[in-house]
1. Could you look through the range 169-187, keep only residues that are of a type in the set (G, A, S) and in contact (Cβ under 8 Å) with a residue 24 or more places away in the chain, and pick out the one that is surrounded by the most Cβ atoms within 10 Å (Cβ to Cβ)?
2. Among (1) open to solvent by 60 Å² or more (accessible area, probe 1.4 Å); (2) aliphatic (A, V, I, L, M); (3) within 22 Å of the chain's Cα centre (by Cα), where does L232 come up short?
3. Among the residues of the range 56-83, which ones are buried (at least 16 other Cβ atoms within 10 Å of the Cβ) and not in a helix (DSSP H, G or I)?
4. Just checking, does the range 85-97 include any residue being in contact with a helix residue (DSSP H, G or I) (Cβ under 8 Å, 6 or more places away or on another chain), of a type in the set (A, V, I, L, M) and outside any helix (DSSP H, G or I)?
5. Pairs only if they're at least six apart or on different chains, beta carbon under 7 angstrom, first in the range 124-148 and free of Cβ contacts under 8 Å to residues at least 60 places away in the same chain and over 16 Å from G84 (Cα atoms), second of a type in the set (D, E) and in a strand (DSSP E or B); list them, first residue then second.
6. Within the range 284-336, track down each residue that is hydrophobic (A, V, I, L, M, F, W, C) and assigned to a loop (DSSP other than H, G, I, E, B).
7. Would you check if there is a residue in the range 73-90 being touching a Lys or Arg at 6+ places or on another chain (Cβ under 8 Å) and on the phi > 0 side of the Ramachandran plot?
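The values are calculated or read from the model by the stated rules, or taken from the named source; none is laboratory data. On a predicted model such as this, the values are computed, not experimentally measured, just so you know. Cβ: placed from backbone, ideal geometry, glycine included. Neighbour counts: every protein chain shown. Surface areas here come from the heavy atoms of the whole protein model, side chains and all, with no ligands, DNA or RNA. Shrake-Rupley method; radii C 1.70, N 1.55, O 1.52, S 1.80 Å.
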Amino acid sequence: MPDPQLPYPRRCPTPAYTDQVDSVTLDALDLRLLHALQLDGRAPFSKIADVLGVSDRTVARRFGRLRSTGIARVAGVPDSRRTGHAEWLVRLRGLPSATAPLARALARRPDTAWVTVLSSGTEIVCIFRVAEEGPAPLEGLGRLPQITQVDVQRLLRPVMDHRWAGRTSALTAEQITALRPPPAADAGPVCLTELDRRLLPALAADGRAAYPGLAQQVGWSESAVRRRLEELRRTGVLQLDVEVAPRVFGFSAQCLVWLTVTPARLGSVARALASDPEAAFVGTTTGTHNLIAIAVCRDANALHAYLTDRISCLNGVDRVETAMVTSYTKRTAPSP
């Protein structure tokens, strides 16, 4: 994938979820640190510092600055395929005056992820994670007078096996090899333990939380917490994600793209989109649209070119629907 050309340093106002934060200057070291954390969100600062050729204190100070200003944080998220959770993509259309409070209410729920406001406040899209492959918990949503339409599709399978290229273009191949942890074991579904049910919410709030603090939060011994966290990572149950807005990297246009694809071409179209540097997510779904993607582009002109010169030319794409992302109320985990 071609790497985006990023000028250094960059000064840009960056929203943390729906809140505005002060302008923060990001330089080449900040971007390399963010890339390193994408590879291993719990990598010791000493290891990152050694690979980047700086001091431990410098890395710790830079991360503390990025986290305290709302630019980035590390969140631990369970893999739904390992834990037996169904993921439902829910799209709500309604009055703009109701969007913000409803999005905040959805974000407070422990079973939601990725609560996103679209189309200048006329739509909300979120993901419900439901245990034991259950149905989407829609009780009450359809009865709200401000909601005019509710669409629900099952998110079947993510197609991309890598991060968006804009987040992962700051390190050399040698640095990536040095920082990338061993691949997770190809294990099947797991049954969560009582320790897991306490540990996973704590890691969602802070994926880099230290073992003593985690042990105190969950009421388990530090050695037990350490062993279980390492096992959850080894089996791929726990994934560490760095939540950071694409605008930080100079990309201002984010768009949801729903595609209706000829069934015989679904696999090839999904793989083609997943290989694009503009793609931040590609997954198959049920419903009229059988494929969904998130496109991240420099600006509206670049998005126009991607939609017309790339997506519309893919063999098998019968229909495309788009909606611009206005803001995020919740990404992969609850806002601290």
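1. So the residue we want is A170.
2. (1)
3. Those that are buried (at least 16 other Cβ atoms within 10 Å of the Cβ) and not in a helix (DSSP H, G or I): G70, I71, A72, R73, V74, A75, G76, V77, P78, D79.
4. Within the range 85-97 (the criterion being in contact with a helix residue (DSSP H, G or I) (Cβ under 8 Å, 6 or more places away or on another chain), of a type in the set (A, V, I, L, M) and outside any helix (DSSP H, G or I)), the answer is yes, since at least one residue qualifies.
5. none
6. L314, A333
7. Taking every residue of the range 73-90 in turn, none turns out to be touching a Lys or Arg at 6+ places or on another chain (Cβ under 8 Å) and on the phi > 0 side of the Ramachandran plot.
Residue-by-condition table, conditions (1) touching a strand residue (DSSP E or B) at 6+ places or on another chain (Cβ under 6 Å); (2) under 30 Å from A105 (Cβ atoms); (3) of a type in the set (D, E, K, R); (4) crowded, with 17+ Cβ neighbours inside 10 Å:
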{"residue": "G236", "(1), (2), (3), (4)": "no, no, no, yes"}
{"residue": "F251", "(1), (2), (3), (4)": "yes, yes, no, yes"}
{"residue": "R265", "(1), (2), (3), (4)": "no, no, yes, no"}
{"residue": "T332", "(1), (2), (3), (4)": "yes, yes, no, yes"}
